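Worksheet for the structure shown next.
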């Protein structure tokens with residue numbers, strides 16, 4: 001019975017991610033036969049390839065140009081091109097634009113590299129946690145999963161109305177808008193807010 005409930009939960013999550021969050025049914029929401037892994041969705045108008053690493057895919061997304069610029073400014077390109085695996089909660093350009101005016105420009109200054117690095121690595125969880133693994137961790141945690149980030153902080157994953165929500169140390173909450181963007185060195189989940197470490 002527990003396995004059935006988890007399977008139903010994963011099905012709801014995948015349906016919500018594929019159907020309710022701007023992804024059309026032709027963009028990879030169906031399961032591929034035999035592999036058990038969903039085909040990659042389009043992100044930022046670009047195809048994402050499971051045989052490319054996180055950086056090589058992210059640079060092609062028009063919705064993640066700010067994130068890519070920040071990763072370069074923080075000197076994290078080589079880290080995110082390494083074997084990992086990593087789970088990345090990737091904020092969109094709109095998420096960065098929603099920060100207080102001047103925040104991004106200030107973070108991108110060379111003298112603020114340590115702060116920028118902390119913010120970016122707060123979006124990275126070591127290991128590969130796709131939607132099924134996140135759901136399993138949330139269920140095992142009685143409705144929430146505590147995720148240790150590469151920066152040493154903690155994110156809290158919960159479910160709300162069929163959506164995975166990620167809460168940061170400051171109490172801010174981001175919604176996973178596109179899940180399971182598989183990479184050669186992990187998985188990306190697109191989020192609609194920038195997560196702020198404590």
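Nothing in this text is a laboratory measurement; each read-out follows from the coordinates by a stated rule. All values derive from a computational prediction rather than experimental measurement. Methodologically, a virtual Cβ is constructed for each residue, glycine included, from the backbone with ideal geometry; neighbour enumeration extends over all protein chains shown.
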Exercise. Of all alpha-carbon pairs in region 99-198, indicate the percentage at a distance above 16 angstrom.
Key: 58
Quiz item: Going by average Cβ neighbours within 10 Å, how do the peptides 97-108, 121-132 rank, with the highest at the top?
Solution: 121-132, 97-108
Self-check item: Likely footprinting exposure, 135, 165, fewest C-beta neighbours within 10 Å first
Solution: 165, 135
Quiz item: What ranking do 173, 87 get, fewest neighbouring Cβ atoms within 10 angstrom at the top?
Solution: 173, 87
Quiz prompt | Neighbour-count ranking [beta-carbon atoms within 10 angstrom, fewest first] of 138, 54 | solution = 138, 54
Quiz item: How many nm separate the modelled label positions at residue 60 and residue 115, each set 7 Å beyond the Cα in the direction of the Cβ?
Solution: 3.5
